[in-house]
Amino acid sequence: MEALIQTIDSYPDPAVRNTARDLLRETLSLHETALSRMIELASDGERTRFLVRLAGDPKVAPVLLLHGLHPDDLRSRVERALDRVRPHLFSHGGNVELVGIDAGRVRLRLQGSCEGCPSSAETLRGAVEEAIAEAAPDAAGIEVL
């Protein structure tokens, strides 16, 4: 999508650029309205379970985030991502601690490393950053202390 948006932005005719942007805005608005309505249509007893199932789907979760419909806040999603990556970190003699989240920036502390692995710190860091990027693409950044 980003490549297509860049292509649109490169058109020399401002009317074409504006029309394409308007089309994108209207399409996103339609999707947001439809998603909100689908969630509303779920019965009261099923709505929470339905939304949790949607949020757990890796193809649907980013769309919910885009439209402000995801049921979990940034901290919850980051903590869940860290819980998923911890077994991998443990197997390499490491761990990660969530120090805090400030203005959307996730602050972490990596602990330990795999003895004898020359690039273990970078491997651990990469695994953590990948897990957070997947679970919390709306994070403003990741800072490793």
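No lab work stands behind these numbers, since they all come straight from the coordinates. Computed from a predicted structure; not experimentally measured. In this analysis, Cβ positions are derived from the backbone assuming ideal geometry, glycine residues included, and neighbour counts consider all displayed protein chains.
Taking the Cα centre of each part, how many Å lie between the range 43-60 and the range 2-29?
Their Cα centres are 32 Å away from one another.
Going by a ≥ b ≥ c, the root eigenvalues of the Cα gyration tensor, does the range 74-144 fall in the rounded group (a/c under 1.5), the prolate group (a/b larger than b/c) or the oblate group?
prolate
Assigning unit charges at the beta carbon (Lys, Arg +1; Asp, Glu -1) and nothing else, what dipole magnitude in debye, to the nearest 20, does the chain show about its Cα centre?
Rounded to the nearest 20 debye, it is 220 debye.
For residue 49 and residue 13, FRET efficiency with R0 = 41 Å and r from the beta-carbon atoms, rounded to 0.05?
Given R0 = 41 Å and the Cβ-Cβ separation, E is 0.25.
With a 10 Å cut-off between alpha carbons and a GNM built on the chain, which of 65, 30, 89 moves the most?
Taking springs between Cα atoms under 10 Å, the residue moving most is 30.
Using a 7 Å offset from the Cα along the Cα-to-Cβ direction at both residue 75 and residue 121, what is the distance between the two label points in nm, to one decimal?
2.9
Rounded to two decimals, what is Rg over Rh for the range 1-75 when you use alpha-carbon atoms and the Kirkwood radius?
Rg/Rh for the range 1-75 comes to 1.13.
Exactly which trypsin sites (Lys or Arg not before Pro) in the range 40-128 are in a DSSP loop and have at most 12 other Cβ atoms within 10 Å?
Filter output for the range 40-128: 59.
Inverting the mean 1/r over all pairs of different Cα atoms, compute the Kirkwood radius of the chain and quote it in Å.
That comes to 17.9 Å for the chain.
Roughly what would the spin-label model give for residue 33 and residue 99, points 7 Å off Cα along C-beta, in nm?
Those two pseudo-labels are separated by 4.6 nm.
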